[in-house]
């Protein structure tokens, strides 16, 4: 009887741990999805405080062209106002959590006007996030433009 009670406790602790881990992972997924969406809106209405907070100091972004952009570059692009877009949406968001590291894949669709003509672009994006000093920061990203049919 005593062994059965111990076995039930052990199984209960295991399931409790699994449920807690799933709940924590879901919470991280929600937090990173929210941060990704807020970040994209900075390209519509710049929020320099948000960008400074969510990008790690050594952040790098790799464009489809191979150009590498730093945190300072991204902030400068936002400040010059030349790269702002009319609208920006995220779809097909997939967050994978590995402890204090996470990878977020998403499909971006953004609209802008170039030389008076409306344009729509879709990019497949991969961002790598790390929990640094208790908060999530993006350390690297890569984008590939989806070919238009």
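Give, in nm to one decimal, the length gained when the segment between residue 89 and residue 122 is fully stretched (0.36 nm per residue of separation minus the Cα-Cα distance).
Answer, rounded to one decimal: 10.9 nm.
Would you mind ranking 59, 112 so that the residue whose beta carbon has the fewest other beta carbons within 10 Å leads the list?
Ascending Cβ contact count within 10 Å gives the list 112, 59.
Since every read-out is calculated from the coordinates, none of them should be taken as a lab result. Note that the structure is a prediction, hence the values are computed from the model and not measured. Heads up, the Cβs are rebuilt from the backbone with ideal geometry, glycines too, and the neighbour counts pull from every protein chain shown.
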